[in-house]
Amino acid sequence: MILKGKNLENIRKNVFFENILATIKGLPNWILHALYFEIKDLLNDNNQSESFNKMDKGDMLQLFVPVISDLGKNVVKKFYNNELTDPIDTRVITFLDTIKSNKNVIDICLTNNWNLQECCSYLFYCMENNFLKSNYSASLHNTVGFIAGNIKIGDFLLRKNFVSSAQLEWALKVQNDISSAFDDKNRIVEVLSNMGYLKKELVEDYIKLKDVAQTHFVIQDSSTILTNQIEELATQLNKSEMEIKNLSTQLDMLQNEKTQMLIELESYKTKAQQMLEQNKALLEVVEKSNKSFFNKL
């Protein structure tokens, strides 16, 4: 789906992460202090490694704000004018459209309902094809490629200068000999670590990030939550109205049955009265006959 016109403009107004950050910044210090320790404990519970504390904010993928280049703008323009000679994934166009409003990676994911791996695949494609300005480091470029799946773990370690080419080559040879002994996903890391060539702490966060990169995350702002609550209440109200309507229909049926029963009761009363009168007349005839009979005697 390509986002353009009013739909895209409405999305651009909703910078989710910035809204969250603005809310946090508006809190008093005594609440911020509590939040700091709660988040710190949460990271520790998730086995956050020490390398996270040493990470440069500028190299943090989640906060990176890609900037579209003139070439990228030209590609988008040609796409909408049907002037592109080579086919292109429409989601790349969506990505380029989205970043025009200076969104970071978190907001790009949330805006388009992408997981981190999907976002990184389009981001890396744009990096490789010069659709973005070079406002990022080689380290960030390598991280994006690794999360996207375009850069394998061994090449990633080499590019990040975590190991040398000779160390990697020797570890790969050892790995081939004992390949069945390690997990397929990051076994080269285990080999390098066991050989003393690599500190696992350096790469743990990147591996964890890639592991969760396929998870979708949806966040709702207060207005969306309120809208959902109103819709839920409206649904409950409609349900209650239907129940009231059904009860009212049942009550009408009962009233009609009551009326019919009263009519039948009045009919029975009338018939009973008629029978009483007939019996009374019959008794009078019998009494007269008896008197006449006895008088003759």
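Say whether the condition of being at pLDDT below 80, exposed (fewer than 10 other Cβ atoms within 10 Å of the Cβ), in contact with a Leu (Cβ under 8 Å, 6 or more places away or on another chain) and within 30 Å of Leu116 (Cβ to Cβ) is met by at least one residue in region 222-240.
no
Can you tell me which residue within region 119-142, out of those that are surrounded by fewer than 19 Cβ atoms within 10 Å (Cβ to Cβ) and touching a Ser or Thr at 6+ places or on another chain (Cβ under 7 Å), is nearest to Ile68 (Cα to Cα)?
This residue is Lys133.
Within region 119-139, can you find the residues that are farther than 18 Å from Leu63 by Cβ, part of a loop (DSSP other than H, G, I, E, B) and in contact with a Phe, Trp or Tyr (Cβ under 9 Å, 6 or more places away or on another chain)?
Listed by number, the list holds a single entry, Phe131.
Kindly indicate whether any position in region 143-151 is at pLDDT 90 or above, within 30 Å of Pro66 (Cβ to Cβ) and hydroxyl-bearing (Ser, Thr, Tyr).
There is at least one residue in region 143-151 that is at pLDDT 90 or above, within 30 Å of Pro66 (Cβ to Cβ) and hydroxyl-bearing (Ser, Thr, Tyr).
Among what's in region 152-177 and is among the hydrophobic types (A, V, I, L, M, F, W, C), out of contact with any Lys or Arg (no Cβ under 9 Å at 6 or more places or on another chain) and touching a residue at least 24 places away in the same chain (Cβ under 8 Å), pick the residue that is farthest from Phe64 (Cα to Cα).
Only one residue fits best here, namely Trp170.
Take Cys126 and decide whether it is within 22 Å of Pro87 (Cβ to Cβ) and touching a strand residue (DSSP E or B) at 6+ places or on another chain (Cβ under 9 Å).
yes
Step by step: first the residues of region 59-118, then only those that are basic (Lys, Arg) and in a helix (DSSP H, G or I), then the one that is surrounded by the most Cβ atoms within 10 Å (Cβ to Cβ). Which residue is that?
Here the answer is Arg91.
Would you mind stating whether Ile2 is modelled with pLDDT of 70 or more and within 23 Å of Cys109 (Cβ to Cβ)?
For Ile2, the condition - modelled with pLDDT of 70 or more and within 23 Å of Cys109 (Cβ to Cβ) - is not met.
So which of Lys185, Lys210 ends up being at pLDDT below 90 and assigned to a helix (DSSP H, G or I)?
Criteria check complete, one pass: Lys210.
The values are calculated or read from the model by the stated rules, or taken from the named source; none is laboratory data. Computed from a predicted structure; not experimentally measured. Every residue, glycine as well, gets a Cβ built from its backbone with ideal geometry; the counts of neighbours run over all protein chains shown.
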